[in-house]
Amino acid sequence: MSTKAEQFASKIRYLQEYHNRVQHNIYPVPSGTDIANTLKYFSQTLLSVLRDAPSGRGGQGQQSRDAQLSEYPSLDYQGLYVTLVTLLDLVPLLQHGQHDLGQSIFYTTTCLLPFLSDDILSTLPYTMISTLATFPPFLHKDIIEYLSTSFLPMAILGSTRREGGVPAYVNLSASSMLMIAMQYTSNPVYHCQLLECLMKHKQEVWKDLLYVISYGPSQVKPPAVQMLFHYWPNLKPPGAISEYRGLQYTAWNPIHCQHIECHNAINKPAVKMCIDPTLSVALGDKPPPLYICEECSQRIAGDHPDWLVDVLLPQAEISAICQKKNCSSPRQKGGCHLLLSWVHG
């Protein structure tokens with residue numbers, strides 16, 4: 001094991017050397033693809049550790065975080081995380097391979113999630129969404145996807161449960177994450193996907209939107225108001241905003257079943273999320289969380305019910321006005337409709 005730990009540490013030093021060469025323009029300057037190829041070693045190594053770890057902890061869901069981490073080999077997981085965070089600074093500086101490097105950093109970080117402490121997990125979502133301010137626009141979709149499907153769920157559910165189910169830093173930084181998303185990308189699909197992810201795990205998200213409206217820069221106020229009245233229409237005072245036209249966007253696409261033995265997975269949207277790292281690798285050959293359809297969830301629920309969590313799926317437009325023909329409410333006469341883009345699986 002010492003040899004493996006030494007090799008792991010040596011590869012981290014390679015990454016640090018890459019960072020130094022790019023920062024100071026030392027020849028030969030590596031491309032993003034060069035660094036991404038080195039990161040493959042870490043993702044493959046971390047997945048192999050999870051494959052060899054005891055699987056199906058099931059009823060031990062309340063096991064302490066320290067006890068969970070003690071099951072893994074003693075490698076420099078925190079050192080790798082710190083180095084990955086420093087590599088985020090390189091993406092906007094590179095001339096070639098920006099997309100390769102950005103995706104590799106996110107994927108390697110996802111593989112690293114089961115090995116991180118609670119404190120690091122709770123701050124990770126804010127660290128990652130901050131890259132919207134510096135990364136090129138073609139990576140914005142990846143940032144929101146990884147944040148909504150991996151970083152936030154694992155930061156909240158993959159750590160030791162706190163009061164209310166949400167770690168303190170994630171809870172306090174939710175409004176800042178929404179503000180960053182609205183400030184650095186104008187695509188409402190990304191805004192809604194992030195908001196719906198927070199709504200799944202956190203109480204009173206409407207208050208976070210009010211913070212954005214109250215304290216955010218001018219460009220984030222209109223989308224924040226639209227989202228507030230879109231998801232909480234009863235908060236809209238009748239006639240208060242005469243020019244309000246509602247939120248216009250195409251619902252984000254559902255995640256399809258990731259079980260490697262799923263039949264016709266492309267036509268089966270995921271309705272459950274498995275947060276157990278070893279099960280995710282065993283059943284999906286990927287880091288957690290693993291998204292699975294109803295049929296596959298029923299196949300594994302009997303042995304591992306504690307690790308399955310409901311997920312939210314996008315849904316088509318439905319009416320949000322009173323269905324009674326003779327309704328006298330002034331809200332009914334306005335003909336307001338609500339795009340409900342989330343529903344429990």
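Looking at the structure I just gave you, is residue 31 under 24 Å from the mean Cα position of the chain (by Cα) and either hydroxyl-bearing (Ser, Thr, Tyr) or at pLDDT 75 or above (or both)? Can you show your working first?
Details: under 24 Å from the mean Cα position of the chain (by Cα): no; either hydroxyl-bearing (Ser, Thr, Tyr) or at pLDDT 75 or above (or both): yes.
Taking the combined requirement at face value, the residue does not satisfy it.
Cβ separations smaller than 7 Å between residues 6+ apart or across chains give the following pairs from region 36-47 residues that are more than 19 Å from residue 17 (Cβ to Cβ) to residues that are part of a helix (DSSP H, G or I) and among the β-branched types (Val, Ile, Thr): 43/108; 47/281.
The set of residues in region 105-155 being polar (S, T, N, Q) and more than 18 Å from residue 32 (Cα to Cα) consists of 110, 117, 122, 123, 127, 130, 148, 149, 150. In region 122-141, the count of residues that are over 30 Å from residue 95 (Cα atoms) and open to solvent by less than 50 Å² (accessible area, probe 1.4 Å) is one or more.
With respect to (1) under 17 Å from the mean Cα position of the chain (by Cα); (2) among the hydroxyl-bearing types (Ser, Thr, Tyr); (3) open to solvent by 10 Å² or more (accessible area, probe 1.4 Å); (4) over 21 Å from residue 182 (Cα atoms), the lone exception for residue 149 is condition (4). Are any of the residues in region 176-191 small (Gly, Ala, Ser) and either closer than 30 Å to residue 295 by Cα or open to solvent by 40 Å² or more (accessible area, probe 1.4 Å) (or both)? Yes, the conditions are met somewhere in region 176-191.
Of 211, 169, all but one fail to be among the hydroxyl-bearing types (Ser, Thr, Tyr), farther than 20 Å from residue 289 by Cα and over 18 Å from the mean Cα position of the chain (by Cα); the exception is 211. Within region 208-219, the presence of at least one residue that is open to solvent by less than 50 Å² (accessible area, probe 1.4 Å), charged (D, E, K, R) and at pLDDT 90 or above is confirmed. Restricting 200, 141, 207 to residues that are in contact with a strand residue (DSSP E or B) (Cβ under 6 Å, 6 or more places away or on another chain) and of a type outside the set (S, T, N, Q) narrows the list to 200. Consider region 65-86 and keep the residues that are open to solvent by 40 Å² or more (accessible area, probe 1.4 Å) and not in a helix (DSSP H, G or I). The one that is nearest to residue 40 (Cα to Cα) is 76. Can you say whether residue 321 is at pLDDT 90 or above, over 23 Å from residue 197 (Cβ atoms) and not in a helix (DSSP H, G or I), as far as the supplied structure shows? Considered against the rule, which asks whether it is at pLDDT 90 or above, over 23 Å from residue 197 (Cβ atoms) and not in a helix (DSSP H, G or I), residue 321 comes out as no.
When region 87-99 is limited to residues that are in a helix (DSSP H, G or I) and open to solvent by less than 10 Å² (accessible area, probe 1.4 Å), the one that is nearest to residue 21 (Cα to Cα) turns out to be 87.
Of all residues being of a type in the set (A, V, I, L, M), part of a loop (DSSP other than H, G, I, E, B) and under 17 Å from residue 311 (Cα atoms) in region 254-291, which is most open to solvent (accessible area, probe 1.4 Å)? Just the residue, please. Before the answer, list the steps.
First, the residues of region 254-291 that are of a type in the set (A, V, I, L, M): 255, 260, 265-266, 270-271, 273, 275, 279, 281-283, 290.
Imposing the further condition that a residue be part of a loop (DSSP other than H, G, I, E, B) reduces the set to 255, 260, 270-271, 275.
Filter once more, keeping what is under 17 Å from residue 311 (Cα atoms): 255, 270-271, 275.
Values: 255: 43, 270: 1, 271: 16, 275: 8 Å².
Checked region 254-291; the qualifying residue most open to solvent (accessible area, probe 1.4 Å) is 255.
When region 118-140 is filtered for residues that are farther than 12 Å from residue 177 by Cβ and touching a Ser or Thr at 6+ places or on another chain (Cβ under 6 Å), the ones remaining, listed by number, are 118, 121, 140. Could you tell me whether residue 102 is under 20 Å from residue 17 (Cα atoms), modelled with pLDDT of 95 or more and surrounded by fewer than 20 Cβ atoms within 10 Å (Cβ to Cβ)? Taking the combined requirement at face value, the residue does not satisfy it.
The values are calculated or read from the model by the stated rules, or taken from the named source; none is laboratory data. Quick caveat, the model's predicted, so the values are computed rather than measured. A quick note on method: Cβ atoms are made from the backbone with ideal geometry, for glycine too, and the neighbour counts reach across all protein chains shown. The accessibility values were calculated without ligands, DNA or RNA, using every heavy atom of the protein model including side chains. Shrake-Rupley method; radii C 1.70, N 1.55, O 1.52, S 1.80 Å.
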